[in-house]
Amino acid sequence: MARAEIDAGICGFRTTVIARMAEGSCRITIESDCEAVRELAKALTEVDPFREISFRGEGPLTLRMGARYCHHPACPVPVGIIKAVEIAAGLALPKDATIRLSSTDGSRP
């Protein structure tokens, strides 16, 4: 089993992903403050871990579903889901990934 706690950034939405292997596929449970991610959670309940780690063919189902349901292309939730799937499947070790953002001129949007 793997767990991912995702803080999406300025939107303030938090998401928890639980990924569990079951008979060759990975079952995904997602809880989120974000309505769009909750809709994604309804549609994305199980994936093939080996398809999720490759851009070959149609690419990861998680990214395709993320493009359908998430409103913002830079949303980190789909990638966080894939990271949890990798760990649950034994294809990666758990290690935090971080993106640090700042404005180069000190201004705020």
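The values are calculated or read from the model by the stated rules, or taken from the named source; none is laboratory data. If you're wondering where the values come from, they're calculated on a predicted model, not measured in any experiment. Ideal geometry is used to build each Cβ from the backbone, glycine not excepted, and the neighbour counts take in all protein chains shown. These accessible areas exclude ligands, DNA and RNA; they are computed on the full protein's heavy atoms, side chains included. Shrake-Rupley method; radii C 1.70, N 1.55, O 1.52, S 1.80 Å.
Give the carbon-plus-sulfur fraction of the accessible surface of the chain in %, rounded to a whole number; probe 1.4 Å, heavy atoms of protein chains only.
Numbers: 3980 of 7630 Å².
Carbon with sulfur: 52 percent of the solvent-accessible area.
Using R₀ = 30 Å, calculate the FRET efficiency as 1/(1 + (r/R₀)^6) where r is the Cβ-Cβ separation of residue 103 and residue 31; round to 0.05.
Computed FRET efficiency for residue 103 and residue 31 comes out at 0.40.
Grab the other residues whose beta carbon is less than 11 angstrom from that of residue 37, score K and R as +1, D and E as -1, and report the net.
Residues close to residue 37 contribute a combined charge of -1.
Compute the signed sum of charges (Lys and Arg +1, Asp and Glu -1) over the other residues within less than 14 Å, Cβ to Cβ, of residue 69.
+2
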Check the cysteines of the chain one by one and keep only those with no other cysteine Cβ under 4.7 Å from their own. 11, 26, 34
Take the chain, connect every pair of alpha-carbon atoms lying under 10 Å apart with a spring to form a Gaussian network, then pick out the residue of 28, 87, 99 with the largest mean-square fluctuation. 99
Taking a virtual spin label 7 Å from the Cα of residue 50 along the C-beta vector, which residues in the stretch 77-104 bring their backbone nitrogen under 11 Å of it? none
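Under a 1.4 Å probe, what is the accessible area of the chain per residue, stated in Å²? Mind dumping the intermediate values first?
On the way: 7630 Å² over 109 residues.
Using a 1.4 Å probe on heavy atoms only, each residue of the chain averages 70 Å².
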For the stretch 53-109 and the stretch 9-26, what is the centre-to-centre distance using only Cα atoms, to the nearest Å? 11 Å
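Averaging the inverse of every distinct alpha carbon separation and then flipping it gives the Kirkwood radius. What is it for the chain, in angstrom units? Show your work: numbers first, answer last.
Details: mean 1/r = 0.0693 Å⁻¹.
Over the chain, the inverse of the mean reciprocal pair distance is 14.4 Å.
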In percent, how large is the relative contact order of the chain, given Cα pairs closer than 8 Å and 6 or more residues apart? 26 percent
Label-point separation in nm, residue 21 to residue 71, each point 7 Å along Cα→Cβ: 3.8 nm
I need the phi-derived Karplus couplings for the stretch 72-86: 6.51 cos²θ - 1.76 cosθ + 1.60, θ = phi - 60°, integer Hz, Gly and Pro marked x. 10, x, 8, 4, x, 4, x, 5, x, 4, 4, 4, 5, 4, 4
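Enumerate by residue number the GluC sites (Glu not before Pro) in the stretch 25-66 meeting two conditions: DSSP loop (anything except H, G, I, E, B), and at most 10 other Cβ atoms within 10 Å of the site's Cβ. Display every interim value, and only then the final one.
Working: sites: 31, 35, 39, 46, 52, 58; in loops: 58.
Here the sparse-neighbourhood loop sites are 58.
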Around residue 25, what is the net charge, scoring Lys/Arg as +1 and Asp/Glu as -1 over all other residues with Cβ under 9 Å from its Cβ? -2
In Å, descending, principal axis extents of the Cα set of the stretch 4-43: 38, 18, 9
Rg to Rh ratio, the stretch 29-85, alpha-carbon atoms and Kirkwood radius? 0.93
